[in-house]
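Coordinate-derived values only; no laboratory data. Keep in mind that this is a model prediction, so the values were computed, not measured. For neighbour counting, all protein chains shown are included, and Cβ atoms are generated from backbone atoms with ideal geometry for every residue, glycine included.
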Amino acid sequence: MNRVVITGMGIYSCLGTNTEEVKNALYNGKSGIGIDPVRMDMGFRSALTGILPKPNLKKMLKRRMRVGMGQESEYAYMATTEALKMAGIDDDYLDSNIIGLLYGNDSTAKSVIEGIDRLREVKDTTLLGSGNIFKSMNSTITMNLSTIFRLKGINFTISAACASGSHSIGMGYMLIKQGLQNMVVCGGAQEVNPNGMGSFDGLGAFSVKMDEPAKASKPFDANRDGLVPSGGGATVILESYDSAIARGANILGEIIGYGFSSNGQHISQPSVEGPARSLQMALDLAKINPAEVDYINAHATSTPLGDKHEAMAISSIFGGDNCPWVSSTKSMTGHECWMAGASEVVYSLLMMQNSFVAPNINLTEIAEEAKPLKLAKSTIDQNIDTFLSNSFGFGGTNSSLIIRKTN
């Protein structure tokens, strides 16, 4: 079995459009949440969302490559460009090696709606434009990235709700571990527009505390009232340890555990037992005990039930005096949905590189069920050798990844 390492990462999020900006935002506990007035005009209960700029790809890609890219593909492209550069992967390497692609995505709502609106207006399918089909398919990110970067290995989309990005990394890890690929580009992206969020808002899932947007996302706080939607793109480059050493790559971390499970119960209500099995499986595969984990990046989205059940699951495995530091970066980013499992690995890698634990901001009154956790209410300057990242999604899908420094 091959060892699997991370040699590059890229991020485009409401905290910043590159790893340096994001690292500083994490350390300083800076929120990326704001108000989108369009949502109120559309009938949303909440106008809260992550705020990030639209990428300018005109100078980066020819028009024929841009026409099939929706918002989520643009974010994924920006993150992947940074990750490949960090990994030392140039055009010659892309053209002469077999590189795979696994990316998390579970909606392309804006592109689908725009296509249907256009058809209703012109009543002629030939006027929809050649790129519409490639924008509107759920595999839009992988089909665009694989074409742009000329990737010749495994190529498909992981669609697993809010665990999509995490499972993409887990699947890439398994393929490399088993020797089926030497390198896989993995990640997750999420469109940031009102089109894909109306149903969530209708469920009452969003925070309505719009008077102070930066304080609306409150994971593990007793007064949390819902999540804040967000998004962007996050990419990590996975490869075998032997491959990384052979080409002199800088190793950011090694994936040593991947746990997964399904709750097998309610389609939207969380559980304790399912996530606990995912956590334990990751530890078992990593062959480490809970005390060896220095930090947990919790899935905690700031919903009353979700945070409660995750806190109980973490406590069941990591309870006692050896509980590691725990925080939810969603307190700053909001819930980045399909991207979150990948972005939170990037956030945690940045913490590990720079020896700090990012704060769980807006935590003023710890909820009763979260009191057994060692929650970081402010930035903690501490060495991180091993971290665990949780991601859970609708349908009861759970994913836990464990990553450590390499010697």
| remark: Filtering segment 364-407 down to residues that are within 22 Å of S316 (Cα to Cα) and in contact with a Lys or Arg (Cβ under 6 Å, 6 or more places away or on another chain) yields E369, T386
| said: I'm told K371 meets every condition in (1) without any contact (Cβ under 8 Å) to a residue 60 or more places away in the chain; (2) in contact with a strand residue (DSSP E or B) (Cβ under 9 Å, 6 or more places away or on another chain); (3) of a type outside the set (S, T, N, Q) except one. Can you identify the failing condition by its number? | reply: (2)
| field | segment 77-86, subset among the hydrophobic types (A, V, I, L, M, F, W, C) and closer than 11 Å to I11 by Cβ, residue surrounded by the most Cβ atoms within 10 Å (Cβ to Cβ) | value | A79
| task | Please go through segment 272-293 and pick out each residue that is part of a loop (DSSP other than H, G, I, E, B) and surrounded by 21 or more Cβ atoms within 10 Å (Cβ to Cβ). | result | V293
| message | Looking only at residues that are of a type in the set (D, E, K, R) and assigned to a helix (DSSP H, G or I) in segment 294-336, which one is nearest to S355 (Cα to Cα)? | response | K330
| query | Which residues, counting only those in segment 56-83, are within 22 Å of K152 (Cβ to Cβ) and in contact with a strand residue (DSSP E or B) (Cβ under 6 Å, 6 or more places away or on another chain)? | reply | A76, A79, T80, E82, A83
| Test: residue in segment 208-218 that is surrounded by 20 or more Cβ atoms within 10 Å (Cβ to Cβ), touching an Asp or Glu at 6+ places or on another chain (Cβ under 9 Å), of a type in the set (A, V, I, L, M, F, W, C) and over 29 Å from S262 (Cβ atoms) | yes
| note | Per the filter on segment 339-378, residues buried (at least 22 other Cβ atoms within 10 Å of the Cβ), touching a Cys at 6+ places or on another chain (Cβ under 7 Å) and not in a helix (DSSP H, G or I) are L373
| remark: Filtering segment 384-407 down to residues that are under 16 Å from S327 (Cβ atoms) and surrounded by fewer than 18 Cβ atoms within 10 Å (Cβ to Cβ) yields none
| query | Looking only at segment 1-38, which residues are surrounded by fewer than 19 Cβ atoms within 10 Å (Cβ to Cβ), part of a helix (DSSP H, G or I) and not aliphatic (A, V, I, L, M)? | reply | E20, E21, N24, Y27, N28, P37
| task | Can you run down the residue pairs with Cβ atoms below 8 Å, 6 or more apart or on separate chains, where the first is in segment 23-43 and under 17 Å from S328 (Cβ atoms) and the partner is of a type in the set (D, E, K, R)? | result | S31/K215
| query | How many residues, within segment 242-260, are in contact (Cβ under 8 Å) with a residue 60 or more places away in the chain, part of a helix (DSSP H, G or I) and surrounded by fewer than 24 Cβ atoms within 10 Å (Cβ to Cβ)? | reply | 2
